[in-house]
Amino acid sequence: MTSTYYDYKSEISALGSCIANAYLATNGTSYPIEPELIAMKFFGLRIDPKSQLYSGVGVISTLDSTQSVLSIDESIYMRDASQPQARQAIAHEIGHIIYDSNQIRAYAPQNADEAYNLHVRMKRGNNIEARANMFAGALLAPRCELFSQVGKLLAKNIEDVQLSNPTMTMERLVEALSGSKIARYFGVTDEVIKWRLSEKNENFYGILGVKADTQLWEVDVKKMLTTLDGESQTPSPSLTDRIRRVVPVELLKLIDGV
C-alpha cells in the first residue's frame, strides 16, 4: 500500500489546529474536543458500537468501505473511564478519511476481520497509521493551546523546582507538572500528551532550545519562557491548497469563518 506524503507542520498539525479552533468557536464551548460530533456532522459518519471488537480482532475502531460507518469497541465507547481512548480512536478514523480515503475504498473491508487486515496493511504502509495518530493528536490537543497550558504550569513552578531539584530533567518536570492534569484538560491519555510534546511530534523541548534530558540547572528560565510565550501566541495556521481539497466543503467554510 502506497501513501501520499504530507508535511507534518503545514498539512497535519495545521489542519488539526484549524478544525479544533473552528469547532470551539462555533460551538461556544471549551476543551475537550468531541470528535464524534465532527465525525457525524461534517463527515456523515454513523457511530456503530460493536461488542468485543477489540478483544475479538484487536482494533478499537474501524471504517467500512463506504466510509459512512465508524465501528468502535462498545466497552471502550460506553465507559466513562475510557472516553480518552474513544476520542482518540474516532479522531484517528477522521484522519484516515482525510488522508487515506482512496486506500480504504480500494481495499473495501466488509467485516471486522477484513478491517483488521487492512489496519495491519496500513500500519506497514509508509506510516499511514502513524499519520492518522498525528492528526488525532493535533485535533484533540492543538499545538498552541497545548504549549500555552504547559507553559502556564512551567512559569508557575520551574524556578522553585530549579532551586530544590536542579538535576531533574525537563521531561521529568513537565510530566510531573502537567501529565494527568493536561491530559484531563484535553480529554486524552497521559501518553498522548507525552507523545505530542516529543521530538517526533511538536518538538516542544527543541523549540525551547533544550532537550528532554536537559537538567534544570542548565536552563535559562527567562529566555525559555519568552520563547514559549511567543509559540503559544502564534496565529492559526493557513491550510495548503492540497489539504483544502481533501476537507469537506462545509467544514472548510467553518474554518474560513473563524
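The values are calculated or read from the model by the stated rules, or taken from the named source; none is laboratory data. Computed from a predicted model, the values in this text were never measured in an experiment. Cβ: placed from backbone, ideal geometry, glycine included. Neighbour counts: every protein chain shown.
Some observations on this one:
- Qualifying residue in segment 176-187 (condition: surrounded by fewer than 17 Cβ atoms within 10 Å (Cβ to Cβ) and of a type in the set (V, I, T)): no
- Condition check for L37 on (1) touching a residue at least 24 places away in the same chain (Cβ under 8 Å); (2) exposed (fewer than 15 other Cβ atoms within 10 Å of the Cβ): one failure, at (1).
- Among the residues making up segment 41-59, those that are more than 18 Å from D73 (Cβ to Cβ) and in a helix (DSSP H, G or I) are K41, F42, F43.
- Residue within segment 50-58 that is among the aliphatic types (A, V, I, L, M), in contact with an Asp or Glu (Cβ under 9 Å, 6 or more places away or on another chain) and under 18 Å from E129 (Cβ atoms) present: yes
- Inside segment 84-109, residues that are modelled with pLDDT under 70 and charged (D, E, K, R) make up a count of 1.
Each row is one residue, and each column tells you yes or no for (1) touching a Pro at 6+ places or on another chain (Cβ under 7 Å); (2) assigned to a loop (DSSP other than H, G, I, E, B); (3) closer than 24 Å to E250 by Cβ.
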position	(1), (2), (3)
I19	no, no, yes
T26	no, no, yes
P32	no, yes, yes
T66	no, yes, yes
I76	no, no, no
A89	no, no, yes
Y99	no, no, yes
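- Some residue of segment 24-31 being in contact with a helix residue (DSSP H, G or I) (Cβ under 8 Å, 6 or more places away or on another chain) and surrounded by 21 or more Cβ atoms within 10 Å (Cβ to Cβ): no
- Residue among I60, I19 that alone is under 18 Å from the mean Cα position of the chain (by Cα) and closer than 21 Å to P237 by Cβ: I19
- Summed over segment 199-226, residues that are surrounded by fewer than 17 Cβ atoms within 10 Å (Cβ to Cβ), outside any loop (DSSP other than H, G, I, E, B) and not aliphatic (A, V, I, L, M) total 6.
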